[in-house]
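One structure is given here, and the rest of the page talks about it.
Readers should treat all values here as calculations from the given coordinates under stated rules, not as data from a laboratory. Please read these numbers as outputs of a predicted model, since none were measured by experiment. Virtual Cβ from ideal backbone geometry, glycine too; neighbours counted across all protein chains shown.
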Amino acid sequence: MQYLLLIYGQESDWTSLTPAQHAAMQQEYGQFTREISEKGKNLGANRLQPVATATTVRVRDGKRVVTDGPFAETKEQLGGYYLVEAKDLDEAISIAARIPAARHGSVEVRPIFVMEQAART
Amino acid sequence: MDFEKFHREESARILSTLIGLLGDFDLAEEMLQEAYAAALRQWPATGTPANPRAWLISTARHKAIDHFRRGASFEAKREEIARNAEPSAPAVYDSEDETFPDDRLKLIFTCCHPALASEAQVALTLHTVCGLTTEEISRAFLISVATMAQRLVRAKRKIREAGIPYRVPAQEDLRDRLDAVLLVVYLIFNEGYLASSGDSLVRREICAEAIRLGRVLCELLPREAEARALLALMLLHDSRRDARASADGEIVLLDEQDRNLWHHDQIREGTALAESAMRSGANGAYALQAAIAALHANARTAAETDWPQIVALYGALLQIHPSPVIEINRAVAVAMARRPEDGLALLDQIESCGDLGDFHLLHAARADLLRRLGRATESADAYRRALSLATNDVERRFLRRRLSETSHR
């Protein structure tokens, strides 16, 4: 059986680490990822960018509604995911809008965290 | 040369091009600041170049190349700049042949991208497209400079990190995206027009910026009739700016305004634009509101206002944009077109079928119609009700005045 393991936590848990703590954490993740990959259990993993980069897409009455921010209502629960390749946010939004669930629920579009980006900021 | 004035007028052109060349808002702004500094040093001696805009863009671009040579991320950025830049030889900056494409539309659509929060769209547009400083924007919106600065930082960060593309939307998305842009312009205009506290000079400047933005949109998207309709609406409202407040800063309602103080050149322009927009097929909310505004603006006296036509237009507006304020406005127009009793009946209907019991404008409108009917006691009660619900200082003073006038009959 396959699963999506969803990591929830406070963003400050990450951002408040010292460089040394950060490096140690990276090491641990690297180690863990290698172990499960060697056993053939890793189907894909990513760190996400912070919620400030999130955009939510809904389609209501055939009209696309795009809003800033993460999905945050409590009546809807996580039901699935896609990991897609898109050239920019507009393309990602277009793809998200075509997901049938967007018509009744919400699709949060969050960019994947990329290492070189971290070095630049 | 007045650089502040120049920046206000040219920032959209310059920054839109620089952001396109350099791929980053912050970098473009920083390099432009350095280019201004260089201009301040050199132009007094060499004279202002024939094409200051091209000079500044060239200079900023060369400074960006230098910046990247010195910085750690040179490799990452090199291809991007190299694609757009010439070799590093000391360029002849004063080149009249330098023509840069007009990227203002890209900039406007990016600043108004729906993935940005609405207030972020407004702030970013005022800052980058209109060239206002953080201080000027925070003064207009009556929030702290620190808060406004953070808002701008976060907006630019989201553009960068979420991959908001720097381009004019594809044809199939253009209508929706343009609606978002027009809404931002409308919000900016209303901030200046409706705000009743704060510096009145600042408020007028904000209205002027919105109108300027409206003109730019009409220039860059000449086939978009709703853009023309919005510009018409703003010009028509703004034409009354000198008649809307008494010398003491109190509200003067439309029917009591001195029409000699209205700016009739603006009324003529706004009316022509509204007509042109409607002939081109504009039939949205802005077009209808502009038509209503034109009817008011072109009436020589309040008594000559074409109220029946206004009633019809409000009816059409309600079809596409149901809202309590519009319902109330329509009821008031009905009162003027027919009899006060008819308007009152509508207001009573609105009150009974909705949950607008706590809406102060409803009670203020009832109070006014009751006053016209000579039903002073009921009018006073309604004014009191409105007063208990109104929060805006200037409105409250107005209601208190009406209440005391009514009570002393």
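List of remarks:
- Between the alpha-carbon centres of the range A:55-83 and the range B:272-320 there is a gap of 38 Å.
- Label-to-label distance, nm, for residues given as residue B:187 and residue B:393 (7 Å Cα→Cβ offset): 2.5
- Ascending count of other beta-carbon atoms within 10 Å, so fewest first, for A:57, B:311, A:65: A:65, B:311, A:57
- When only the Cβ of Lys, Arg, Asp and Glu is charged (+1, +1, -1, -1), the dipole of the range B:248-343 relative to its Cα centre reaches about 420 debye.
- Shape category assigned to chain A from the gyration tensor of Cα positions, a/c cut at 1.5: prolate
- Cα long-axis angle, helix B:52-70 against chain B (0 to 90 degrees, to the nearest 10): 60
- What the Cβ-Cβ distance of residue B:279 and residue B:117 gives, at R0 = 35 Å and to the nearest 0.05, is a FRET efficiency of 0.45.
- Placed amide H near residue A:48: partners under 5 Å, 5+ positions off or other chain: A:113
- The residue A:103 and residue A:32 beta-carbon pair, evaluated with R₀ = 45 Å, returns a calculated FRET efficiency of approximately 0.75.
- Taken residue by residue and averaged, Cβ atoms of other chains lying within 10 Å of the Cβ of A:42-50 number 1.
- Helix B:3-22 vs. chain B, principal-axis angle (Cα, 0 to 90°, nearest 10): 60
- For the peptides B:372-380, B:388-396, residues were scored by their other Cβ atoms within 10 Å and the scores averaged per peptide; the highest-first order is B:372-380, B:388-396.
- Cβ neighbours within 10 Å from other chains - mean over A:85-94: 4
- Under 26 Å of direct C-alpha separation, and excluding same-chain neighbours fewer than eight residues apart, residue A:63 reaches these lysines: A:75, A:87, B:106, B:158.
- The modelled label-to-label distance between residue A:91 and residue B:40, using points 7 Å beyond Cα along the C-beta direction, is 4.3 nm.
- Counting neighbouring beta carbons within 10 Å and listing from fewest to most, the residues B:259, B:41 come out as B:41, B:259.
- Shape class for the range B:317-409: oblate, because the ratio a/c of the largest to smallest gyration tensor axis (alpha-carbon atoms, square roots of eigenvalues) is 1.5 or more and b/c is at least a/b.
- Taking the range A:54-87 and a reference point 7 angstrom along Cα→Cβ of residue A:14, the backbone N atoms nearer than 13 Å belong to A:54.
- Prolate/oblate/rounded label for the range B:310-368 (Cα gyration tensor, a/c 1.5): oblate
- Annotation: extensible slack from residue A:25 through residue A:47 equals 6.7 nm (criterion: 0.36 nm per residue apart, minus Cα-Cα distance).
- Near residue B:189: Cβ cut-off under 10 Å, other residues only, Lys/Arg at +1 and Asp/Glu at -1. The net charge is -3.
- Each of A:15, B:134 was scored by other Cβ atoms within 10 Å of its Cβ. Listed from fewest to most, they are A:15, B:134.
- With Cα atoms, 0 to 90° folded angle of helix B:25-46 axis to chain B main axis: 70
- Here the 3J(HN,Hα) profile of the range B:305-321, calculated from phi with Karplus coefficients 6.51, -1.76 and 1.60 at θ = phi - 60°, is 5, 7, 5, x, 5, 5, 4, 4, 5, 4, x, 5, 5, 5, 4, 9, 8 Hz, Gly and Pro shown as x.
- The residues packed around residue B:151, meaning those with a beta-carbon under 13 Å from its beta-carbon, carry a net charge of +2 if Lys and Arg are +1 and Asp and Glu are -1.
- Across the range B:219-236, coupling constants 3J(HN,Hα) worked out from phi with the 6.51/-1.76/1.60 Karplus curve, θ = phi - 60°, read 5, 7, 10, x, 8, 8, 5, 5, 5, 4, 4, 5, 4, 4, 4, 5, 4, 5 Hz, and Gly and Pro carry x.
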